[in-house]
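All remarks here apply to the structure that follows.
Coordinate-derived values only; no laboratory data. Note that the structure is a prediction, hence the values are computed from the model and not measured. Ideal geometry is used to build each Cβ from the backbone, glycine not excepted, and the neighbour counts take in all protein chains shown.
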Amino acid sequence: MSGIDDAKPAADGAAAPNPTSKMARRRARELALQGVYQWLLSGNTAATVQRHLEAESENLDKTDRELFVSLLRGAIDSADELRACFEPLLSRPVAELSPIEHAILLLGTHELRHNIETPYRVVINEAIELAKGYGGTDGHKFVNGVLDKTAARLRPEEVEAARANRG
């Protein structure tokens, strides 16, 4: 990635990070994953998890903070509704998911439901990258399969249009 798209001039003329760049959005998803994972294990409130992550994060200024907060709060606050979207598509009970897979499915499903401006393929690809980076050996394949089916249920017109254009 060139620094051109990711930087905008700062007041002193030096390049400053663009908080809406692709890397800033990826960092937001990574930070949200850490938060949902922490929430799943600790049971702390979303606000407590958010405060902890913001205090501990070294690269918060390079993160799309709005996306981070939206994903973190959305996934935690509506976890039961999100699970209801993907649970029927699982080959095992939610309780048997690894916390990483569980967190990624919550985040991906939230983004599919509420971030309609983000193409479903981008949501799925970002979730796959998170699973490859943080999950088990074949966790990304599992995440891909579940979110692909979830996208077909939540965004049927978009998925059908994409499939028609490929074929």
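For the chain, the longest principal axis of the C-alpha atoms and the axis of helix 46-56 are separated by about 40°.
Subtracting the Cα-Cα distance of ALA162 and GLU129 from 0.36 nm times their residue separation leaves 9.8 nm of extension gain. Among GLY74, GLY35, GLY108, determine the one that fluctuates most according to a GNM of the chain built with springs between C-alpha atoms less than 10 Å apart. Comparing GLY74, GLY35, GLY108 in the GNM, the peak value goes to GLY74. For the chain, report the translational diffusion coefficient in µm²/s to the nearest whole number, using Stokes-Einstein at 20 °C, 1.002 mPa s, and a Kirkwood Rh over Cα pairs. Translational diffusion coefficient: 129 µm²/s.
Between the helical axis of 99-114 and the longest alpha-carbon principal axis of the chain there is an angle of about 80 degrees. Each Lys and Arg adds +1 at its Cβ and each Asp and Glu adds -1 at its Cβ; summed about the Cα centre, the chain shows a dipole of about 340 debye.
Between ARG65 and THR118, what length in nm is gained on full extension when 0.36 nm per residue of separation is reduced by their alpha carbon distance?
Values: separation 53, 0.36 × 53 = 19.08 nm, distance 1.63 nm.
Roughly 17.5 nm would be gained on extension.
Computed over neighbours whose Cβ is under 14 Å from that of LYS132, the net charge equals -2, Lys and Arg +1, Asp and Glu -1. Axis angle, to the nearest 10 degrees, between helix 22-42 and the longest C-alpha principal axis of the chain: 60 degrees.
Using per-residue counts of other Cβ atoms within 10 Å, averaged over each peptide, order 144-155, 85-96 from highest down. Don't skip to the answer; put the middle values down first.
Details: 144-155: 18.5, 85-96: 12.6.
Taking the mean over residues of other Cβ atoms within 10 Å, the ranking is 144-155, 85-96.
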